[in-house]
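Q: Quick one: structure below, then a few questions.
The values are calculated or read from the model by the stated rules, or taken from the named source; none is laboratory data. Predicted, not measured: the structure shown is a model, and the values here were computed from it. When we count neighbours, we look across all protein chains shown, and the Cβ atoms used for this are built from the backbone with ideal geometry, even at glycine. Heads up: the accessible areas ignore ligands, DNA and RNA and are worked out on the full protein's heavy atoms, side chains in. Shrake-Rupley method; radii C 1.70, N 1.55, O 1.52, S 1.80 Å.
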Amino acid sequence: MSAQPDSQPAHATRVFRNTSLLVIAQAIVTPISVLINAIAGRTLGSANFGLLYQALTFSSFVFLFVEWGQSNVLTGRVARQREAAGELLGSGISLRVAAAAAALIVVPVVCALAGYDRDFLVVLELTMLGATFATVSAACQDVFRGFERTDFAAASYVGWQLLSAAVVIPTLLAGGSLRTLLIAQVSCAALGMLFVLKMLPRMQVPKLALRREVARELFRSGHPFILFGLVILLQPMIDAAMLSKFAAAESMGWYAAARKLVGILIFPASALVAASYPTLCRLHAENQDAYRKTAADALLAVCLFVVPVALGCGLFPQVGVAIFGQRDFGPAADNLRILAPYVFLVYFSMVIGSCLVSCGRQNSWTVVQLGSVVVSAALDPPLISWFQLHHGNGGLGVCTATVISEVLMVSGGLWLLPEGILANIRRASFARFWGLVRRRA
């Protein structure tokens with residue numbers, strides 16, 4: 001009984017430490033990823049870079065079904081039943097490998113029937129092969145997080161990126177082709193998988209075992225996470241498919257570069273969500289007033305962060321494009337100018353989504369997201385065709401559709417927010433928050 005008062009602070013400290021480690025790891029990895037993408041863009045050219053982006057988008061969508069929502073399930077089950085980690089991981093890996101093997105056969109056939117050429121099929125096959133090795137590593141990382149060893153998970157993530165940079169960058173600078181680049185990435189993914197598997201005994205994970213009952217339970221438990229993940233990945237998949245059909249190959253490359261740069265710009269929002277989500281979940285169960293105040297403060301923080309970021313995206317896009325090279329990727333600046341309102345809106349939608357999921361309104365939020373995807377998919381063909389015809393850059397159509405769909409998403413999210421959150425956002429609250437920021441600075 002005497003140890004009870006100390007348990008809650010200990011848990012809070014552990015959660016904060018683990019969250020901080022993941023944020024720090026992402027901060028280290030982001031410049032490395034930017035460097036790899038920049039060199040790839042400069043050496044491969046816009047058309048091949050767009051082809052790579054399209055293959056990665058298709059592969060990410062396919063592997064959503066390969067993993068079948070197991071990431072959250074594995075981590076949660078291992079956290080509660082560490083003695084069963086061997087059976088859980090062994091069964092989970094077996095499911096993923098079997099599904100990936102089927103995907104490697106079926107998906108290229110489907111793409112061939114859809115009219116994609118042989119070059120794209122080879123790129124897609126190599127991309128999915130690398131994803132197969134990566135998903136085995138990811139399953140192990142999920143178990144490590146269940147053991148609350150986020151330190152090792154973060155270190156492995158950084159280590160894999162460093163290995164990838166050490167292999168991929170020299171390959172590109174030596175004049176390697178797109179296929180050579182992918183072969184190098186597949187090799188790195190395979191080495192990363194072998195290393196993580198080798199570390200399982202040292203992390204005190206029991207011997208791996210396959211049990212049909214456990215595999216069936218993992219499959220059933222993953223259902224609720226599939227729809228949420230599907231909605232998130234569906235729009236990039238549709239956008240890439242539409243671009244490949246209605247725009248020139250260079251347009252895909254310009255759009256890909258713009259999306260890579262936008263991914264960097266929204267990192268502060270991702271960090272804010274990662275840090276605030278566990279707290280919101282706890283406060284929603286313990287103290288509704290504190291929950292509403294914390295959610296309001298998160299939205300106020302977004303107001304401060306997003307304005308300079310969105311303005312920089314819209315006013316100085318050439319700074320980001322220069323990373324990839326003005327000669328091949330100069331038109332991507334126009335993509336960034338149109339995406340600047342999206343950057344502004346997505347900061348809010350990410351925090352709003354965190355608030356809604358933490359209070360159990362994830363199903364309604366998923367419906368809103370799905371509606372936005374439908375609107376974007378309907379707008380893509382006419383907008384891509386119009387911008388391709390009049391401006392020679394069909395990607396501008398996708399950017400425009402993305403902004404419109406994000407307006408709908410933020411509007412729907414604000415409507416779904418629990419009562420009282422928006423009421424906490426007042427001018428006085430904003431002044432207090434700004435004063436706090438200035439004192440901390």
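Q: Say we look at the range 338-363 and pick out the residues that are of a type in the set (S, T, N, Q) and at pLDDT below 90; which of these is most open to solvent (accessible area, probe 1.4 Å)?
A: Once the filter is applied, the top-ranked residue is Asn363.
Q: While we're looking at this one, here's another question. Could you count how many residues in the range 160-197 are free of Cβ contacts under 8 Å to residues at least 12 places away in the same chain and either among the β-branched types (Val, Ile, Thr) or closer than 24 Å to Gly92 by Cβ (or both)?
A: Qualifying residue count for the region: 2.
Q: Mind checking which residues of the range 32-50 are open to solvent by 30 Å² or more (accessible area, probe 1.4 Å) and small (Gly, Ala, Ser)?
A: If the condition is that a residue be open to solvent by 30 Å² or more (accessible area, probe 1.4 Å) and small (Gly, Ala, Ser), then Ser33, Ala47 are the ones that fit.
Q: Confirm whether Arg77 is basic (Lys, Arg), over 18 Å from Leu182 (Cα atoms) and in contact with a Leu (Cβ under 8 Å, 6 or more places away or on another chain).
A: Taking the combined requirement at face value, the residue satisfies it.
Q: Same structure, new question: Inside the range 207-233, can you point out the residues that are open to solvent by less than 60 Å² (accessible area, probe 1.4 Å) and either free of Cβ contacts under 8 Å to residues at least 60 places away in the same chain or under 21 Å from the mean Cα position of the chain (by Cα) (or both)?
A: The answer is Gly222, Ile226, Gly229, Leu230, Val231, Leu233.
Q: So which of Glu125, Glu87 ends up being part of a helix (DSSP H, G or I), of a type in the set (Asp, Glu), open to solvent by 20 Å² or more (accessible area, probe 1.4 Å) and within 21 Å of Leu191 (Cβ to Cβ)?
A: Glu125
Q: How many residues does the range 327-338 contain that are in a loop (DSSP other than H, G, I, E, B) and not small (Gly, Ala, Ser)?
A: Qualifying residue count for the region: 1.
Q: Let me ask you something else. Return a yes/no flag: does the range 142-162 have any residue that is at pLDDT 85 or above, surrounded by fewer than 19 Cβ atoms within 10 Å (Cβ to Cβ) and closer than 30 Å to Asn37 by Cα.
A: Yes, the range 142-162 contains at least one residue that is at pLDDT 85 or above, surrounded by fewer than 19 Cβ atoms within 10 Å (Cβ to Cβ) and closer than 30 Å to Asn37 by Cα.
Q: Taking the range 285-296 on its own, how many of its residues are surrounded by fewer than 20 Cβ atoms within 10 Å (Cβ to Cβ) and modelled with pLDDT of 80 or more?
A: Result for the range 285-296: 5.
Q: Only one residue in Ala79, Ala112 is open to solvent by 40 Å² or more (accessible area, probe 1.4 Å), small (Gly, Ala, Ser) and at pLDDT below 80. Which one?
A: Result: Ala79 is the single residue among Ala79, Ala112 that is open to solvent by 40 Å² or more (accessible area, probe 1.4 Å), small (Gly, Ala, Ser) and at pLDDT below 80.
Q: Continuing with the same structure: Residues being over 30 Å from Val375 (Cβ atoms) and part of a loop (DSSP other than H, G, I, E, B): count how many of those fall in the range 207-233.
A: Counting residues in the range 207-233 that are over 30 Å from Val375 (Cβ atoms) and part of a loop (DSSP other than H, G, I, E, B) gives 5.
Q: May I ask you to list pairs of residues, at least six apart or on different chains, whose Cβ atoms are under 8 Å apart, with the first in the range 366-386 being of a type outside the set (Asp, Glu) and the second being not in a helix (DSSP H, G or I)?
A: Ile384/Ala247; Ile384/Gly394; Ser385/Gly394
Q: Here is a further query. When you go through (1) over 23 Å from the mean Cα position of the chain (by Cα); (2) buried (at least 18 other Cβ atoms within 10 Å of the Cβ) one by one for Gly175, which number turns out not to apply?
A: Result: Gly175 fails condition (2) only.
Q: Is it the case that the range 394-405 has a residue that's over 20 Å from Cys303 (Cα atoms), in contact with a Phe, Trp or Tyr (Cβ under 9 Å, 6 or more places away or on another chain), part of a helix (DSSP H, G or I) and without any contact (Cβ under 8 Å) to a residue 60 or more places away in the chain?
A: no
Q: How many residues, within the range 310-337, are among the charged types (D, E, K, R) and open to solvent by less than 30 Å² (accessible area, probe 1.4 Å)?
A: 0
Q: What number goes with the only condition from (1) under 17 Å from the mean Cα position of the chain (by Cα); (2) assigned to a loop (DSSP other than H, G, I, E, B) that Gln204 does not pass?
A: The number of the failed condition is (1).
Q: Just checking, how many residues over the range 110-122 are without any contact (Cβ under 8 Å) to a residue 12 or more places away in the chain, in a helix (DSSP H, G or I), in contact with a helix residue (DSSP H, G or I) (Cβ under 9 Å, 6 or more places away or on another chain) and not basic (Lys, Arg)?
A: So the answer is 1.
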